[in-house]
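Here's the structure, in structure tokens; my notes come after.
Every read-out reported here was derived from the displayed coordinates using simple, explicitly stated rules and does not represent laboratory data. Owing to the predicted nature of the structure, the values given are computational and were not obtained by experimental measurement. Please note: Cβ atoms are built from the backbone with ideal geometry, for glycine as well, and neighbour counts cover all protein chains shown.
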Amino acid sequence: MAMLMGPHTALGNIPRSIEYNVEWVTGLLRHARDHGLTRVEATEAGVASWTDHVKALGVGLLSNEVDSWMTGINRNVEGKQTRIIARYSGSAPAYRARCDEVAANGYRELALA
């Protein structure tokens, strides 16, 4: 299963964003099928790299300083007081360029088997 929209994906016009994500995942599945692969999983290094990228884009943005479910601070829920950056704050073209780069480089951020 793949999450097409959620944390760390480009914000904006959701139908347009999800359309790109569906096309990207379809390309990944096609790549897996064409190479006889049956398993796709993010590598720890790939997850760390993307998370670091998302965090770097959010530095200094007021939207990441507000206490809300999007920043992990929910005072009315015990244990939910650790600030996180769960949103991709870059542009949609930059998001697509990074994802396209992953595909063009043979999905090295993923463990394919």
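Taking a quarter of the surface of the Cα convex hull of region 14-112, what do you get in nm²? Let's see the in-between values first.
On the way: hull surface 31.3 nm².
With every direction weighted equally, the projected area is 7.8 nm².
For H8, list long-range residues whose amide hydrogen, built 1.01 Å from N in the peptide plane, is under 5 Å from its own amide hydrogen.
Correct list: R87, Y88.
Non-local amide H neighbours of I73 (under 5 Å, H modeled in plane, Pro and chain starts lacking H): which ones?
Correct list: S68, I84.
Explain nothing, just compute: Karplus ³J(HN,Hα) = 6.51 cos²θ - 1.76 cosθ + 1.60, θ = phi - 60°, for every residue of region 81-98 in order, whole Hz, x for Gly and Pro.
Values per residue, Gly and Pro as x: 10, 9, 5, 10, 10, 9, 10, 7, 9, x, 7, 4, x, 5, 4, 5, 4, 5 Hz.
Which order do peptides 29-35, 85-91, 18-24 fall in by mean Cβ count within 10 Å, highest first? Don't jump to the answer; show the numbers that get you there.
On the way: 29-35: 12.0, 85-91: 17.9, 18-24: 15.0.
Those peptides, ordered most packed to least, come out 85-91, 18-24, 29-35.
Pull up all non-local amide H partners of E109: gap of 5 or more, or a different chain, and H-to-H distance under 5 Å with H placed in the peptide plane.
Hits under the 5 Å cutoff: none.
Taking a quarter of the surface of the Cα convex hull of region 8-72, what do you get in nm²?
Numbers: hull surface 23.8 nm².
Reported value for the Cα convex hull: 5.9 nm².
Using only Cα atoms, find the angle between the long axis of helix 44-58 and the longest principal axis of the chain, and express it within 0 to 90 degrees, rounded to the nearest 10.
Rounded to the nearest ten degrees, it is 40.
Which FRET efficiency value, to the nearest 0.05, is calculated for A86 and A111 with the Förster distance at 35 angstrom and r the Cβ-Cβ distance? Intermediate values should be presented prior to the final figure.
On the way: r = 24 Å, r/R0 = 0.68.
Computed FRET efficiency for A86 and A111 comes out at 0.90.
Pick from V102, V54, V77: which is most flexible by mean-square fluctuation in a GNM of the chain where alpha carbon atoms under 10 Å apart are linked?
V77
Normalised by the residues of the chain, what does the relative contact order come to in percent, with Cα pairs under 8 Å and at least six apart? Kindly include the intermediate steps, with their values, before the conclusion.
Details: 111 pairs, mean separation 43.6, N = 113.
Computed over the chain, the figure is 39 percent.
How long is the gain from S68 to I14 if the chain were fully straight, where each residue apart is worth 0.36 nm and the alpha carbon distance is subtracted?
On the way: separation 54, 0.36 × 54 = 19.44 nm, distance 2.04 nm.
Separation in residues times 0.36 nm, less the Cα-Cα distance, equals 17.4 nm.
Name the most mobile residue of G46, G58, G36, meaning the one with the largest mean-square fluctuation, in a Gaussian network model of the chain with Cα contacts below 10 Å.
Evaluated over the chain, the most mobile residue of the options is G36.
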